[in-house]
1. How crowded by other chains is B:122-133, given as the mean number of beta carbons from other chains within 10 Å of each beta carbon?
2. Bin width 10 Å, origin at 0, all Cα-Cα pairs of the range A:76-282: what percent of pairs per bin?
3. Along the Cα-to-C-beta direction of residue B:274, a point sits 7 Å from the Cα; which residues of the range B:95-132 have their amide N less than 19 Å from that point?
4. As a test of the formula, what do you get for chain A when each DSSP H run with n ≥ 4 contributes -39,500 (n - 2.57) and the sum is divided by the residue count, at 222 nm and rounded to the nearest 500 deg cm²/dmol?
5. How far is it, in nm, from the label point at residue A:30 to the one at residue A:87 when both lie 7 Å from their Cα along the line to the Cβ?
6. Using the Cα gyration tensor of the range A:1-155, with a ≥ b ≥ c the square roots of its eigenvalues, what is the shape: rounded (a/c below 1.5), prolate (a/b larger than b/c) or oblate (neither)?
7. Sort out for me the Cα centre separation of the range B:31-66 from the range A:149-163, rounded to whole Å.
8. Taking the Cα atoms of the protein assembly as shown, report the difference between the largest and smallest coordinate on each principal axis, in whole Å and largest first.
C-alpha cells in the first residue's frame, strides 16, 4: 500500500480545499465508472425488458421478461454458436500451451545452433498485422478445401509467438541446477522439461491458458472470413450477423450480446490477475 | 594484448572455435529443434510463408472467381495510390469515390488522432486517481477494466443500440434538442467509433500506467514530501519524468493498434454511412472478401504492413534500451 501525503506533517486532512478536492475526485471517478459500466447494464436491461424499442431509459425495466431470450433460442442456433466458440477457443488454447511450452523451454534452456536468432525472428512476427497474412492463408486453405471447417478455423492459430515469449521468460527465471541434477540422475531432456520444469511453470501456463482462450473467444476477423455458413459462426460473428438480420429487434440482439458478454466477465472476475499479466505483457487487448 | 582477446580465449576454453553444428558447442542441437519443430511448421505455413506470398500477390491480379494469379507488376500499387490525395484540390476529402484508399487512410488517421490522445489521457488520469488510497479502488479498477474484456465487434453492437435513433443516449439528449442519428450521419459515425474505441481502451492503458506508477520508488515521493511540495509539484517533478518509459510504450502501442482497427468499425456501421467509417483494414476486408480482389487487397495490406512494422521496430528498439518490464 503506497503511503499518501497525509501520512506526513504539513499535509492536513481538513479545510475547504481538501474537501473540495476529495469530493470532486469521487464524483469524477464515479461518473467515469458509470460510463464504463452503463453499456453492460443497458445490454442486460434491454434483453430483459418487454418493449425495448420504445426508447425508455429505464434504469430497471418495469417488467422483467425472458421473452427475448426464448425468441433468440427459437430463431437462431445459439447452442451451436456456443459450441463453435468453445471448440475454437478450446482447441487453440490446448495446442498453444503444448507447442509454446515446448518451444519456450527450448529457447530458454536448450543450447542449439541459431537459437537466439530464431527467437528474435519469432518475436518480430508479433509485429505483422493480422490482415496481411489472412489473405494468403485464406488462399492456401481454400486450396486445401478447409474453408468453413473447424480445421480452417483452428489450425492457423495453434502456435503463437506471444506464448513462446511468455513461457521463455518464465523458464529463464527458474534455477538451472534443478535440471542439471535430474540429468545426472539419468533423465533425458524431455523428461527434465516435462517432470521438473513444466510443473514449476504453472503460473505462466495459467496466464497463457486464460489469455489465449479469451483472445480467441473474442476473435472476430478470422471467423468472419473463414465461416461462410451460419452453423460455423463463433459468437462475435454471430452477434454481428444477428444484428444485421434483426435490425429492429434490439431485445433479441441484446439477449445475444448478454450471452456473449457473460463468459468473459465471469472469467475475468475470477482470474483477474492472469488477464492483466497477459495483456500488459503482450500489448494486445482482447 | 587487449583485454578483449583474453576474454574471448577464456570463453572458448583456449581452443579454436568449434564448428556451428558440433555437439561440443551446442549440446542440444537435436533436442532443441525437436522441441521447436511444431512451432516452426506452423509459423512457416501460416506466418513466414504467407507474408512472402502476400508480397507476391500484391503484384498480381487475383480474383476469387478466377482463382489464379496474373502478374501485373506495380499496377495494383499505381491504382491504389493515384489520384494522389492532393489532386483536384483534395477532392478526396469530399468525395470518397475519388480514391477510396486515401479516403480510408484519412479516416484511419482521424481515428488514430482521436483515440490515442483521449485514450492515453483518460487512462493516465484514471490510473493516477486509482493509485491513491481512495475507497473502493479495487472496485473502480475492475469496473474500468471490464470493457477491455469485450471483443471490439461486440462492444460496437452494444453501442450501436445505445446510440441508435431511439436508444438511450438520444432519449437523454432529446429534452435539450441534441438527439441525433449518430450512426446514420457520415459526419458523426466515425466519432462514435472513436468513442467506442476509447471506452474499450481506457482500462488497458490504466493497467499499464498503474504498473508504471508502482515502479516509481516510494523514496522519491518521501523526499518530495519532506520538502513540503504540493501534489501538483510531486506530479510534475516525480511522477511525470519517471513515467517516461511507460507513456512512450503506451503511445506507440496505441498507435500500432489503432492503425489496425477493424472489428469496431466493421460491426458498428460496415464502413458506412457513405464510407465514413471505412478505415484501412475495413477497406482491405471489403476489397478482398466482398469484392474478391485478393491481389489488389494484398497491395493495401502490404503498405499497412510496412508502416506498422517500421513503427513496431522503432518501439522494440527503444523499449530494449529503456528495459521496461511489466
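Quick note: the coordinates plus some simple rules give every number you see, no bench work behind them. This structure is a prediction, so every number in the text was calculated from the model and none was measured. All Cβ positions, glycine included, derive from the backbone under ideal geometry; neighbour counts span all protein chains shown.
1. Partner-chain Cβ atoms within 10 Å, mean over residues of B:122-133: 2.
2. Taking all Cα pairs of the range A:76-282, the binned fractions are 8, 29, 31, 21, 9, 3, 0, 0 percent.
3. What the label zone holds, given the 19 Å backbone N cut-off, is B:95-108, B:110-111.
4. Details: 13 runs with 191 residues, N = 286.
Only helices count here, giving -22000 deg cm²/dmol.
5. Label-label distance for residue A:30 and residue A:87, simple model: 4.9 nm.
6. Here the range A:1-155 falls in the oblate category.
7. Taking the Cα centre of the range A:149-163 as reference, the centre of the range B:31-66 is 13 Å away.
8. 86, 79, 55
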